[in-house]
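Have a look at the structure below, then the notes.
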Amino acid sequence: MAYDLANTWIIKKIRACMAVRGLQNNVVSISRMFRDMDRDGSGTLSFSEFRAGINDSISMQLNYDELQMCFELFDKNGDGAISYEELMTAILPQITPTRRMY
C-alpha cells in the first residue's frame, strides 16, 4: 500500500494512545518499546511482532485491517518489516525548520 494521507488517521490514533501513556515524544521510551516488540531480536518488526506489540505496549485494540494498514504505512521501504528508523519516523512528529537548524 502506498503512503496515502487519507490513511494517516490510524497513525494519529496510535500517536494519541502513546501520548496518553507518555510515550509519543519520549525517544527513550519508544526505543524500549521497539526492543520489547522485537521478540526475535532481528532489529526489525514482523507483522506478528507489530500486532502483539501494539496490543501489549500501548494497549490499543485495532482490528486486523487497521493493523495491516498501519503496518504498511510504517513500512516505508515495503520490505515487509518495520525498522527502528521507520517506527521513529512514523511516530515522532515532523522536525520543525527551527529544530532542524540546531
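The values are calculated or read from the model by the stated rules, or taken from the named source; none is laboratory data. Please read these numbers as outputs of a predicted model, since none were measured by experiment. Note that we place each Cβ from the backbone using ideal geometry, even for glycine, and neighbour counts take in every protein chain shown. Ligands, DNA and RNA are stripped out before the accessible areas are found, and what is left, the full protein with its side chains, is counted by its heavy atoms. Shrake-Rupley method; radii C 1.70, N 1.55, O 1.52, S 1.80 Å.
Select from segment 20-45 the residues that are small (Gly, Ala, Ser) and open to solvent by less than 50 Å² (accessible area, probe 1.4 Å) and write down the one among them that is modelled with the lowest pLDDT.
First, the residues of segment 20-45 that are small (Gly, Ala, Ser): 22, 29, 31, 41-43.
Now restrict to residues that are open to solvent by less than 50 Å² (accessible area, probe 1.4 Å): 22, 29, 31, 43.
Numbers: Gly22: 69, Ser29: 81, Ser31: 88, Gly43: 95.
Going through the qualifying residues, I end up with Gly22.
Out of (1) among the acidic types (Asp, Glu); (2) under 18 Å from Thr8 (Cα atoms); (3) open to solvent by 40 Å² or more (accessible area, probe 1.4 Å), the odd one out for Glu66 is which?
(3)
Looking at segment 69-88, which of its residues are open to solvent by 40 Å² or more (accessible area, probe 1.4 Å) and in contact (Cβ under 8 Å) with a residue 60 or more places away in the chain? Don't jump to the end; show me each part of the working.
Of all residues in segment 69-88, those open to solvent by 40 Å² or more (accessible area, probe 1.4 Å) come to 72, 76-80, 84-85.
If the condition is that a residue be open to solvent by 40 Å² or more (accessible area, probe 1.4 Å) and in contact (Cβ under 8 Å) with a residue 60 or more places away in the chain, then Glu72, Lys76 are the ones that fit.
If a residue must be assigned to a helix (DSSP H, G or I), open to solvent by less than 30 Å² (accessible area, probe 1.4 Å) and more than 13 Å from Ile91 (Cα to Cα), how many such residues does segment 52-63 contain? Spell out how you get there, then give the answer.
Within segment 52-63, the subset assigned to a helix (DSSP H, G or I) is 52-57.
Filter once more, so that each one left must be open to solvent by less than 30 Å² (accessible area, probe 1.4 Å): 52-54.
Those left that are additionally more than 13 Å from Ile91 (Cα to Cα): 52-53.
Here the count works out to 2.
Name the residue that is modelled with the lowest pLDDT, counting only residues in segment 53-85 that are small (Gly, Ala, Ser) and in contact with a helix residue (DSSP H, G or I) (Cβ under 7 Å, 6 or more places away or on another chain). Even if it seems obvious, please write down each step before you answer.
Taking segment 53-85 as the starting set, the residues that turn out to be small (Gly, Ala, Ser) are 53, 57, 59, 78, 80-81, 83.
Imposing the further condition that a residue be in contact with a helix residue (DSSP H, G or I) (Cβ under 7 Å, 6 or more places away or on another chain) reduces the set to 53, 57.
Numbers: Gly53: 89, Ser57: 77.
Here the answer is Ser57.
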